[in-house]
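Read-outs throughout are calculated quantities, based only on the coordinates presented, and are distinct from any laboratory measurement. Remember, predicted model here, so these are calculated numbers, not experimental data.
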């Protein structure tokens, strides 16, 4: 499982709303499965996105 910070950045960098929701739910399921299995969940650090995703800027 990738660190939570990396998961968050991946979701934030996803432009499509449906894809973002799907990714969020998949990551949440992984997190709960690991937590319920007693496996450690790494938080870590990840650089935040620098701004809105490029596809988002084009839609305005």
How high is the relative contact order of the stretch 4-58, in percent, with contacts defined as C-alpha pairs under 8 Å that are six or more residues apart?
55
Output for the stretch 4-58 (equivalent-ellipsoid semi-axes, sqrt of 5λ from the C-alpha gyration tensor, Å, descending) is 25, 14, 4
